[in-house]
1. Of all residues being in a loop (DSSP other than H, G, I, E, B) and buried (at least 20 other Cβ atoms within 10 Å of the Cβ) in the stretch 135-150, which is modelled with the highest pLDDT? Just the residue, please.
2. Can you tell me which residues in the stretch 52-89 are on the phi < 0 side of the Ramachandran plot, part of a loop (DSSP other than H, G, I, E, B) and surrounded by fewer than 17 Cβ atoms within 10 Å (Cβ to Cβ)?
3. Looking at (1) in a loop (DSSP other than H, G, I, E, B); (2) over 20 Å from ASP73 (Cβ atoms), find the lone condition where CYS132 falls short.
4. Considering only residues that are in contact with a Gly (Cβ under 8 Å, 6 or more places away or on another chain) and within 21 Å of ALA51 (Cα to Cα), which ones fall in the stretch 111-138?
5. Out of the stretch 90-117, which residues are under 20 Å from the mean Cα position of the chain (by Cα) and in contact (Cβ under 8 Å) with a residue 24 or more places away in the chain?
Amino acid sequence: MADSPPIELKNAPEHGADSGFTLLELLVVIAILGLLAALVGPRLFNVLGTAKSKLATQQIDNIGSALDMYKLDVGSYPTSDQGLAALVTKPNDVDNWNGPYTKTGGVPKDPWDHPWNYQAPSSRQGHDYDLCSAGTSGQSAQPGTPGAICNP
């Protein structure tokens, strides 16, 4: 076997000065990626914003259920002064409190990491209380304020 010829690969690529990508090819790929990001990016952020609004609505429903359980035990909703903290810790002037009324042992902040605005009695006719998130603005969480997400 010592006198057999060396094996040659006929279709092996040559590694010379001509191998690799040209600057023009790289710029074209970068431009295509930039266009894709410009088209997809805003759509993705829109979907994320919609998801946070839906999450806020679900959280309002969950906190509303806890408020209803509180009312069944105590006989009324917590006052504005007692706030949502009454769902977690017993207020001094309340009898028949059987809490905490939340599973987590606290009231979570809204999806934008702002505290909920709770007011009882409600400023709206036909509602017992107002529970609102300021939404993306974080400025005002009052019913009727543009961008505010409130209990129905």
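1. GLY135
2. SER76, THR79, SER80, ASP81, VAL88, THR89
3. The one condition CYS132 does not meet is (1).
4. Within the stretch 111-138, TRP112, HIS114, LEU131, ALA134, GLY135, THR136, SER137 meet the criteria.
5. THR102, VAL107, PRO108, ASP110, PRO111, TRP112, HIS114, TRP116, ASN117
The values are calculated or read from the model by the stated rules, or taken from the named source; none is laboratory data. Bear in mind the structure is a predicted one, so any value in this text is a computation, not a measurement. Ideal geometry is used to build each Cβ from the backbone, glycine not excepted, and the neighbour counts take in all protein chains shown.
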